[in-house]
Amino acid sequence: MLRRRLGWACVMLMVGVQPLYAGDATSSGAQSIPSVPNQVVLDQLSLRQAEQLFAGGNRELLAAKRAVEGAEADTLIAGQRPNPVLSLGLSSVNVNRGQGNPNQNGASGVWDKTYNSALQVSQLVERGNKRELRTAVAESAVKAYGFDLKETYRQQALAMATAYYDLKLAQETLLIQQANVGSYDKTLQAAQLRLKAGDVASADVARIRVDALRASNDLRQAEADLQKAQAMLAYLLGKDQDAAKLYVSDPWPSLAAEQLTGAENSWLPQRSDVQAADARMEQAQQARKLAESLKTRDLTWSLAYQHFPGQEPGSAPDTLGGSISIPLFTNYQYEGEAARAEVGYTSAMEAKEQVRAAAVAEMRRAKADLQAAVDKNRRFDQSILSEAQKAADAAEFAYQHGAMSVMDLLDARRILRVLQLESASVKADYAKSLSAWLAATRQAFTNQD
């Protein structure tokens with residue numbers, strides 16, 4: 001007991017009073033992104049370079065681009081007039097082979113046979129501005145898909161930034177675990193020498209060996225976590241074959257209080273998901289007008305040429321004719337289409353309100369997470385980690401001079417390792433919270449064309 005008290009007395013003397021450290025209040029590294037070099041090096045990957053690779057290789061982004069191209073093709077389809085219809089017919093064919101449609105006027109050529117041949121051209125004429133309304137619906141769909149593309153870019157860019165900082169956290173965790181294993185190896189070697197000299201008990205050496213083995217297990221888990229983080233980032237960048245080469249190089253973003261002072265009154269209408277909801281409401285409004293236009297009757301006119309020789313002596317075999325077809329709304333007047341369009345418009349308005357509410361909720365969650373991450377980072381930077389390091393150094397000093405037991409030394413090391421890992425995790429939480437805040441308020445990842 002006296003030995004333990006002497007040990008902790010040494011620790012307290014070594015720790016002393018730690019002055020507060022004022023954190024850096026410069027602009028965040030997530031905003032001050034370095035320029036993109038011509039050649040992207042995967043083993044020294046910056047966040048800006050990762051965004052460049054992501055913009056060209058992300059599969060979800062490519063799928064969203066294909067959706068925009070498909071909507072543009074639908075616009076071409078919607079704006080076309082109906083094609084005319086050409087009809088050819090032959091009737092009044094005599095099945096009696098002996099007679100074979102002879103001409104009563106005495107002519108015997110093929111063109112003079114008494115076949116009734118007809119050629120007709122029909123054209124549907126749309127009324128009620130149906131073509132213009134179809135085009136307007138399709139153009140609104142193109143606009144909505146364009147905003148969907150930007151929303152996909154925003155979401156996937158946020159996922160990419162999160163994966164980037166997850167990989168950085170995995171890298172730092174691996175370094176901490178490697179240093180921890182190296183420290184235990186040195187301590188174990190020293191303890192074994194002291195055991196041979198009779199300076200320590202074999203039980204103390206066994207305890208150190210157990211902790212060294214546990215540190216080796218933690219190191220192996222850190223290696224696995226690094227590989228998983230590399231695989232996740234590689235997928236988002238479209239570099240699956242080069243996952244093992246990925247190594248991020250950007251530092252953790254600096255703490256900056258002004259990040260929370262965004263233009264909260266103007267960011268919401270500029271969000272891509274809100275703009276997409278506006279475009280779909282406009283599309284539903286045009287679709288409602290298009291459904292109403294179905295009640296305007298379309299016309300189909302036809303022009304026909306008929307060749308029917310040999311009907312009467314001296315009569316002309318060629319005749320012309322025409323017709324107009326008008327639908328009669330006696331059974332159905334497109335009530336279902338009008339009701340469906342009305343429901344679609346109501347759904348679009350409700351979806352718009354839902355999207356706006358979800359965007360505000362996302363912003364508030366991101367703001368709360370960012371505020372908490374800033375506070376935790378400041379505590380770690382100002383006191384927690386430095387105090388733990390001093391306590392661990394004092395414990396090492398006390399143990400080497402025989403003033404502390406091996407159990408107290410191992411406890412001090414565990415506390416330091418846990419706090420080092422927690423510090424890295426807190427920095428990662430801040431970086432990811434900052435990215436989420438910037439993405440939620442449309443202050444980042446908006447350079448997509």
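The values are calculated or read from the model by the stated rules, or taken from the named source; none is laboratory data. Only a predicted model underlies this, so the values are computations on that prediction, with no experimental measurement involved. With ideal geometry, Cβ positions are generated from the backbone for all residues, glycine too; neighbour counts draw on all protein chains shown.
Among the residues of the stretch 324-331, is there at least one that is out of contact with any Phe, Trp or Tyr (no Cβ under 9 Å at 6 or more places or on another chain) and in a helix (DSSP H, G or I)? The answer is no; no qualifying residue exists. Output yes when any residue across the stretch 18-40 is at pLDDT 50 or above, assigned by TED's automatic domain parsing to the domain that holds Ser433 and touching a Ser or Thr at 6+ places or on another chain (Cβ under 6 Å), and no when none is. The answer is no, given that none of the residues of the stretch 18-40 is at pLDDT 50 or above, assigned by TED's automatic domain parsing to the domain that holds Ser433 and touching a Ser or Thr at 6+ places or on another chain (Cβ under 6 Å). Taking first residues from the stretch 352-364 that are in a helix (DSSP H, G or I) and partners that are among the charged types (D, E, K, R), the Cβ contacts under 6 Å between residues at least 6 apart in sequence or on separate chains come to Val355/Asp273; Ala359/Arg271.
The numbered conditions (1) closer than 30 Å to Leu409 by Cα; (2) in contact (Cβ under 8 Å) with a residue 60 or more places away in the chain are all true for Asp242 except (1). Just so you know, in the stretch 40-58 the residues that are of a type in the set (A, V, I, L, M) and under 15 Å from Ala161 (Cα atoms) include one that is surrounded by the most Cβ atoms within 10 Å (Cβ to Cβ), and it is Ala50.
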